[in-house]
Amino acid sequence: MRIFSKVLILIFTFSFASYAQEGNPVYAKNGMVVSASTLASQVGLEILKRGGNAIDAAVATGFALAVTYPAAGNIGGGGFMVIHLADGKNTTLDFREMAPIKAHKNMFLDSLGNFLPDLSQKSWLGAGVPGTVAGLVYALEEYGTMDLEEVIQPAIDLSKNGFHLDYRLANSINSENEVFKNIEASKKIFTRDGEKLKIGELLVQKDLARTLEIIRDEGSDGFYEDEMAKKIVEESDKNGGIFTIEDFENYKVVERDPIIGNYRGYEIVSMPPPSSGGICLSEALNALEHFTFKREEWGSSRYIHTLTEILKQVYADRAEHMGDADYYNVPTNYLISKEYGEVIKNKIGETARPATEFHPAEIPRFKEKEETTHFSVVDKFGNAVSTTYTLNGSYGNKIVVDGLGFLLNNEMDDFSAKPGAPNMFGLMGSEANSIQPMKRMLSSMTPTIVLKEGKPLLVVGSPGGSTIITSVLQVIINVLDFKMNVYEAINAPHIHHQLFPDQIDYEPFGLSEDVKQNLISLGQKIGIERYLGRVEAIYIDQNKNCFFGTSDPRGFGKAVGF
Ligand code: GLY
C-alpha cells in the first residue's frame with residue numbers, strides 16, 4: 001500500500017493558506033474565545049477581560065451569536081455545553097430542544113406512510129421546544145460569576161444599534177432571500193422589502209433586542225412563561241404548529257454526567273445522549289487506539305481506509321442504538337468500552353467491507369443497566385467551556401416568530417420520522433430515535449474537552465450535522481497522533497463516511513489521485529468533494545501556560561484572546 005507523501009502535505013498547506021484568515025493559531029495568555037462570529041468572540045473576550053470566567057464569557061458569546069450569526073446562533077434552538085471547572089469537576093448541560101407534548105410518531109408521514117421532509121424541515125411543526133435560553137441562563141446561574149444583565153447586554157446592544165453586514169454574512173443571509181421574502185415575519189428582518197441586503201448595511205433587530213431585554217429582566221421565566229410563551233403559542237396556532245403553553249412551562253435543562261473516554265492516556269470528555277457525539281467519538285477512538293500511524297502517514301490510504309472502516313461501524317451503531325436515553329435504553333457502557341473497541345478492530349481487514357455488511361453492535365446481555373455552531377472558551381483560572389448549539393438547518397426553519405424577532409429551529413427533523421428514511425443529513429434511525437412527546441431528538445453535536453493529567457489540553461467542537469463527529473474526531477487525532485498544531489489540525493482536509501451512502505466524502509485537496517486509486521483498489525467508494533465541518537478550537541499549552549486558538553478558515557469566525 002502506498003504511503004501519502006510529505007510533498008502532498010506541503011501542497012495542502014500551501015493550497016489552504018489561500019483562504020485562511022489566520023496562518024497560525026492565535027496566541028493568548030489570559031483567556032480566549034473562539035466562535036463563528038468575530039463580533040460574538042469579541043463580546044466573550046470583553047467579559048473575560050472584565051474578570052468573568054469561561055462560563056460567563058460562553059454565555060455572553062452564546063447570546064451575541066444569536067444576533068450576529070443568525071444562521072445558527074440562536075435563542076430559538078438548543079444545544080449542549082461541556083464544562084471543565086478549575087476544581088477538576090467535569091459536567092455537561094443538555095439544553096436540546098424537546099418534542100412538543102402534541103408530537104406523535106407519524107406526524108411527518110402522509111396517509112400512505114411516506115415521509116414528508118417539508119413538514120419536518122420548513123414548517124412550524126418542524127420546531128422543537130427551544131432550550132437555548134434555559135441552557136445559557138442555567139449555565140450562568142450554576143457556574144458563572146456575573147449577572148445575566150451584564151453578560152446579555154452586549155447582545156441587546158448589537159441587536160438594538162445594529163452592526164454592519166460584512167461580505168460573508170450578507171451573502172449568507174441573501175442566499176436564503178427567496179425563502180425569507182415569502183415569510184412575512186422573516187422578510188421584515190432578513191430582506192429590505194423583499195430585496196437582498198447590501199454588504200455594509202446596518203442590520204438592526206429591534207424585536208430581538210426587546211426579547212433579549214425581557215430575558216435580561218425576567219431571566220429564563222421571561223421566555224418560558226407569561227407573555228412571551230403565550231405569544232409563541234399564538235403564532236404557532238396561527239401557522240399550523242402544535243406548541244402549547246405547557247411545552248414551555250415543562251422545559252428543563254438537564255445536567256448530565258459526561259461521556260469520558262480514555263485515548264492513549266488522554267481523557268476525552270464529551271456529550272452523552274441525547275447527543276450521539278460523545279459515544280461515537282469514544283467508540284471510534286477505542287478502535288483507533290489499536291493502530292499506530294507515523295506522522296508522515298497522515299492522509300495515506302492505510303490511515304483513511306482504517307478510519308473509514310471504523311466510521312462505518314460507528315454510524316451503524318448510531319442508527320440502531322442511539323436516542324434520548326431518558327426514553328430509550330442506550331447501551332452506552334458497551335459501546336464506549338475498550339472491549340467493543342477491540343471487536344471493531346478485529347473486523348477491520350485489508351479490504352473494505354460494503355456498508356450492507358455492517359450490523360449494529362450485538363449488545364451482550366446484562367451489560368447495561370448546516371446549521372449548527374460551536375464556540376470554545378478558556379479562562380486564566382483553569383475553566384474550559386465547549387458549547388455547540390443549533391437551529392438545525394441553516395437559519396432553522398427560516399421562520400421568525402413575528403414580533404419576537406428570533407428564528408425557530410427545525411430540529412424535529414433530527415428524529416427518525418420513519419425507519420429507513422434519511423433526514424436532511426442522510427442519517428437513518430430506528431425506534432431508539434422515534435418521535436415521542438417531550439423526548440429530545442438525537443444529535444451529532446460533539447462539544448468536547450480533551451484532558452491531559454486532569455487539565456484541559458484541547459477544547460473543540462464543530463457544526464456540520466452528521467459530519468460533526470468525523471470533523472471533531474479528525475482534529476483530535478491530528479493533534480494527539482499527528483502532532484499538528486491546532487491551526488494545522490483544523491486546516492488539514494477531513495474525510496467523512498457515515499455508512500450510508502457508502503462513500504468517502506473528502507475536502508478539496510483531501511485525497512490525491514493515487515490515494516483515491518489505492519482506496520478504490522481496497523474496495524472503498526469515493527464520494528463527493530465538499531467542505532466538512534467548521535471547527536472552533538483552543539489548544540492549551542500546559543508547559544508554557546498559554547492558549548493557542550483557531551477559528552476554522554472554512555467559516556468566518558475568529559479566535560480572540562488577551
Ligand atoms: N441538528 C444537528 C445535530 O444536532 O446533530
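Values quoted throughout were computed directly from the atomic coordinates according to the rules given, and no laboratory measurement underlies them. Note that this is a predicted model, so its numbers are computed, not measured. Virtual Cβ from ideal backbone geometry, glycine too; neighbours counted across all protein chains shown.
Globularity index of the range 356-477 is 1.29 (Cα radius of gyration / 2.2 N^0.38 Å, N = number of residues). Each peptide in 383-395, 188-200 receives the mean, over its residues, of other Cβ atoms within 10 Å, and ordering these scores from highest gives 383-395, 188-200.
Sorted by packing (mean other beta-carbon atoms within 10 Å per residue), highest first, where do 272-285, 504-517, 122-135, 451-464 land?
On the way: 272-285: 27.9, 504-517: 18.6, 122-135: 26.0, 451-464: 23.2.
Final packing ranking: 272-285, 122-135, 451-464, 504-517.
Let me know the Kirkwood hydrodynamic radius for the chain, please, with Cα pairs as the basis and the value in Å to one decimal.
23.3
Only Lys, Arg, Asp and Glu count, each charged at its Cβ (+1, +1, -1, -1), so figure out the dipole size of the chain about its Cα centre, rounded to 20 debye.
Roughly 1460 debye, rounded to the nearest 20.
Dividing the helix sum by the residues of the chain, where each DSSP H run of 4 or more adds -39500 (n - 2.57), gives a mean residue ellipticity at 222 nm of -10500 deg cm²/dmol.
Straight-line cross-link partners of Lys181 among the lysines, defined as a Cα under 18 Å from its Cα and at least 8 positions apart when in the same chain: Lys122, Lys196, Lys198, Lys398. Over what distance in Å are the Cα centres of the range 388-443 and the range 62-83 separated? That distance is 15 Å. Straight-distance candidates among the aspartates and glutamates for linking to Lys206, with alpha-carbon spacing under 20 Å and chain neighbours fewer than 8 residues away dropped: Glu149, Glu150, Asp157, Asp166, Glu184, Asp193, Glu195, Asp217, Glu218, Glu227, Glu235, Asp402.
For the peptides 23-35, 326-338, the ranking by mean Cβ contacts within 10 Å, running from highest to lowest, is 23-35, 326-338. The alpha-carbon of Lys29 sits under 20 angstrom from the alpha-carbons of these lysines, leaving out residues fewer than 8 places away in its chain: Lys49, Lys380, Lys452, Lys455, Lys544, Lys558. In order along the range 379-386, the phi-based Karplus estimate (6.51 cos²θ - 1.76 cosθ + 1.60, θ = phi - 60°) of 3J(HN,Hα) comes to 10, 6, 7, x, 8, 9, 10, 10 Hz; Gly and Pro are listed as x. Distance from the Cα centroid of the range 262-292 to that of the range 163-226 is 38 Å (rounded to whole angstrom).
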